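The values are calculated or read from the model by the stated rules, or taken from the named source; none is laboratory data. Given the structure is predicted, the values throughout are model-derived calculations rather than measurements. Cβ: placed from backbone, ideal geometry, glycine included. Neighbour counts: every protein chain shown. The accessibility values were calculated without ligands, DNA or RNA, using every heavy atom of the protein model including side chains. Shrake-Rupley method; radii C 1.70, N 1.55, O 1.52, S 1.80 Å.
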Amino acid sequence: MFTIAHLSDLHVGDPNDSRGRAERAVAHVCSLDPAPDLLLVTGDLADHGAAEEYAVVREVLAPWPGPLLVGTGNHDARGPFAEVLLGGPREGPLNQALEVGGSRFLMLDSLVPARDGRRIDHGELEPETLAWLDEQLAGSDLPTYVCFHHPPAPIGIAAADAIGLREPDELRAVLARHPHHAATLVGHNHVACATTFADRPMVIGGGVVSTVTLDAEQLPHIWNDAPPSLAVHLVHDDGRLTTHWRTVI
Ligand SMILES: [Fe+2]
Ligand SMILES: [Fe+2]
């Protein structure tokens, strides 16, 4: 069995005890024994995309000793993200590939860079990213997890669905060509939930900084009092995926 710890939406810099919440989530992951094979963080690591926030993110993630894959969300900024978390400046979308324990993880950059200083909240995959994904999937038959920030399928929360991934059919068409696509692992919606996309599981890893509630629930839309949530994905020897969500007090 293979284990993936999945955090999302740390939003370091947010006033809702973002650093403390992220530290508790990372401590929980680090306490697992045996340790997970990979720690995946699917975007919104910083709240304002600031270099000083990423410096804190680096400190928060430092106790994790194993393989790590971090990707961008709509609150992130490519320049400081790459500079502080990826070891230096990079051109274009921050797409990354990682092979761990006989599986591949492709982290796509679905961030739309700010325009006129204004953050763009919906997600897009640039043609360069879709071409890179197709090439990466064609290059290996290993089971491959496609990871990014903005869910490509609606989850039934109106405000969240309005800022998901635009034009998901383009992504669906790429994935349909590659049957070893195992699952889509995303964030952004600050919820622990699962559905399907491209005939595979699509799982949101929860929300560390806050929880977004269902429209029908008599709770704040952004529920800051809910404890941080995280996902632990177990990949069984037959390739089946089981996701356990945990809240961390
Ligand atoms: Fe977020
Ligand atoms: Fe987001």
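Out of contact with any Gly (no Cβ under 8 Å at 6 or more places or on another chain), modelled with pLDDT of 95 or more and open to solvent by 50 Å² or more (accessible area, probe 1.4 Å): is that true of Glu91 in this structure?
no
Name the one entry in Ala77, Ala5, Ala62 that is on the phi < 0 side of the Ramachandran plot and within 16 Å of ligand 2 (Cβ to nearest atom).
Ala77
When you scan the range 2-19, how many residues do you find that are within 17 Å of Thr184 (Cβ to Cβ) and in a loop (DSSP other than H, G, I, E, B)?
2
Kindly establish whether Arg58 is open to solvent by less than 50 Å² (accessible area, probe 1.4 Å), over 21 Å from Trp245 (Cα atoms) and under 18 Å from the mean Cα position of the chain (by Cα).
no
Would a scan of the range 9-24 turn up a residue that is touching a Pro at 6+ places or on another chain (Cβ under 7 Å) and open to solvent by 60 Å² or more (accessible area, probe 1.4 Å)?
yes
Report yes if some residue within the range 78-96 is of a type in the set (Gly, Ala, Ser) and in contact (Cβ under 8 Å) with a residue 60 or more places away in the chain; otherwise report no.
No, the range 78-96 has no match at all.
Look at the range 130-148 and say how many of its residues are free of Cβ contacts under 8 Å to residues at least 24 places away in the same chain and not in a helix (DSSP H, G or I). Spell out how you get there, then give the answer.
So in the range 130-148, the residues free of Cβ contacts under 8 Å to residues at least 24 places away in the same chain come out as 131, 135, 139.
Pick out the ones that are also not in a helix (DSSP H, G or I) and you get 139.
Of the residues in the range 130-148, 1 are free of Cβ contacts under 8 Å to residues at least 24 places away in the same chain and not in a helix (DSSP H, G or I).
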